[in-house]
Amino acid sequence: MEALKSKLFLGLLSLIFVNCSSIYQETDTVYDPSKYYDDNESYWSQFLPNPNPGINKNLEVDVAVIGGGYTGLSAAYHIKKSNPELKVVILEAKRVGNGASGRNGALVLAQTYSEGGFVMGENKKYHKEIYDITVASMRRLKALTESTGIDPGFVLNGQCLGIFNSDNIESSKEYVREAKKLGMPIEYWEKEKAISMLGSPGLLGAVYDPNGGMVNPGKLVAALKKLAEDVGVVIYENTQVWGYQEGEVITLPVYTNNNKYEIKAKNIVIAANAYAARTLNFLEDDIEPCHTQVAATEPLTIEQYNSIGWKNHISWYDDQYAGTDSDATFHMVITDDRRIIIGGGSVEYNEDEGLLYPGDIQKIQEQIEKRLGELYPSIKGIRIEKTWDGIICETKSKSERIGVTGRNKNIYYALGYNGGQGVNTSFLFGEVVSKLFNGEDHFLLNIYNN
């Protein structure tokens, strides 16, 4: 279990004030977005909302949010909701949900990265408080997005760590004992119950949290977009931002179809996650863009579904480093039409300037097929309909990054979710950024403001 703790769920949420640099220059250079942004071709892309037009004029705004994923949509919504008089825009390079928000493995998990994975991280004394905050966040996210009339497909029947390595049994039990002392509803399942609930015959046990589950990422993006637009946020898509120039009013050079415009913003929110370092020169010494892959099977027949014995659509992940990278476990959910969405087993990095996937997607698919057959022998050989790549933001510090910086303290940011907690945490951090913007308090800021 120590390997799981040190490799998969290390990290420390921190409010870090950083120096940032501008890469804005007066130049006629035409940037090539195809080096950095590919199209979302995931299974979830079919559920994304229709894109808005790109920007077509110079603008002056109060707040420009760079990035239209969960963090950007959440930050824009919360800032505009609490400040209806402000002009708030989102600038998205491709379409909302084009990045990790629209390509992920669909897990909704409690905790931040540092405290997740059923380990107690560097902030053990606040482990229960962070748990309660993130559980409340996922419930609020569900309620808010369902209020739009779009059903994002939340199934919050719990999450599990499936144990296959006997070395992890005792440390898992110890975690459950400690969590129960804190009043957390975590359970340890012995082998018989683990197999009965999750179905995989090789399980030796499992740790279960009733707070967690899954969501349809594309529908979640659609609901968050509607939420933001309904309060008056203006969203420009196919609009790339290449750097910024600091000042009391920040200058942003933006491009749509090679047409250049300029935005003057009193404040910006950098919510570009993995793209921030190479397109904005932001936190470039800490951000490590990281490629991970996910696959979707064809729908299981009723007979196949019954044969695997996976109950209640519980989302789960294993403790096996069984792929091409020692840091990557496998995670999985099952959809309402009985598709298994399974990802993990590989972590790959760009060695060139661009951000496009450098690996072999067919090799990854074969690896996922092999692991799926090991987990559920009764459906070994089931057809994978689609395998896709996504880029997430790891940080060298293994810390989520949230704060405000710049000479005029008007550059806000939230990014670097590192691992599986990103769906829930990114929405939460968007809310926390709005608290920073409004000069308000938040429990997480009280803990991590150094």
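Compared with the dominant principal axis of the Cα atoms in the chain, helix 169-181 is inclined by about 70°.
Straight-line cross-link reach from residue 380 at under 16 Å between alpha-carbon atoms covers these lysines, not counting any fewer than eight positions away in the same chain: 370. Taken as Cα centroids, segment 139-190 and segment 237-252 sit 40 Å apart, rounded to the nearest whole angstrom.
When segment 206-253 is described by a simple charge dipole with +1 on each Lys and Arg Cβ and -1 on each Asp and Glu Cβ, the residue from 212, 242, 227 located farthest towards its positive end is 212. Among 237, 170, 178, 229, a tally of other beta-carbon atoms within 10 Å of each Cβ gives an order, fewest to most, of 170, 178, 229, 237.
Give, in nm to one decimal, the length gained when the segment between residue 124 and residue 190 is fully stretched (0.36 nm per residue of separation minus the Cα-Cα distance).
Numbers: separation 66, 0.36 × 66 = 23.76 nm, distance 2.53 nm.
Gain on extension, residue 124 to residue 190, equals 21.2 nm.
With a simple spin-label model that places each label point 7 Å from the Cα along the Cα-to-Cβ direction, the separation between residue 82 and residue 173 comes to 4.6 nm. Enclosing the Cα atoms of segment 351-408 in their convex hull gives a volume equal to 171 cubic angstrom per residue.
Working from label points 7 Å from Cα in the Cα-to-Cβ sense, the residue 259 to residue 140 distance is 3.9 nm.
Relative to its residue count, segment 87-175 spans a Cα convex hull of 175 Å³ per residue. If the segment from residue 166 to residue 311 were pulled out straight at 0.36 nm per residue, it would be longer than the present Cα-Cα gap by 49.9 nm. Restriction of the GluC sites (Glu not before Pro) in segment 238-347 to DSSP coil positions whose beta-carbon has at most 12 other beta-carbons within 10 angstrom yields 248. Taken one residue at a time, the phi angles of segment 431-436 give Karplus couplings (6.51, -1.76, 1.60, θ = phi - 60°) of 5, 5, 4, 5, 5, 4 Hz. Gly and Pro are set to x. Among 358, 66, 344, whose Cα projects farthest towards the positive end of the dipole of the chain, with charges put on the beta-carbon of Lys, Arg (+1) and Asp, Glu (-1)? Looking along the dipole axis, the top candidate is 66.
Listed from fewest to most Cβ neighbours within 10 Å, the set 90, 55, 302 follows the order 302, 55, 90.
Across the chain, how large is the tail of the calculated P(r) beyond 34 Å, expressed as a percent of all Cα pairs? Kindly include the intermediate steps, with their values, before the conclusion.
On the way: 28835 of 101025 pairs.
Tail of the P(r) past 34 Å holds 29 percent of the pairs.
When N counts the residues of segment 208-248, how does its alpha-carbon radius of gyration compare numerically with 2.2 N^0.38 Å, as a ratio? Write down the numbers at each step before the final one.
On the way: Rg = 16.6 Å, N = 41, 2.2 N^0.38 = 9.0 Å.
Scaled against compact globular proteins, the figure is 1.84.
Semi-axes of the equivalent ellipsoid of segment 295-450 are 37, 20, 13 Å, computed as sqrt(5λ) over the eigenvalues of the C-alpha gyration tensor in descending order.
In terms of its C-alpha gyration tensor, segment 384-449 comes out prolate, because a/c is 1.5 or above and the ratio a/b outweighs b/c. The angle separating the long axis of helix 217-230 from the principal Cα axis of greatest extent in the chain is about 40 degrees. For the chain, the mean residue ellipticity at 222 nm estimated from helices alone is -8500 deg cm²/dmol, where every DSSP H run of n ≥ 4 contributes -39500 (n - 2.57) and the total is divided by all residues, rounded to the nearest 500.
At a 10 Å Cβ-Cβ cut-off, how would you order 379, 334, 342, 361, fewest neighbours first? Please list the in-between numbers first.
Details: 379 18, 334 23, 342 26, 361 13.
Lowest count first: 361, 379, 334, 342.
Bear in mind these aren't lab numbers, they're just calculated from the coordinates by the rules spelled out. Computed from a prediction, not measured in an experiment: that's the story for all the values here. FYI the Cβ positions are ideal-geometry reconstructions off the backbone, even for glycines, and counts take in every protein chain you see.
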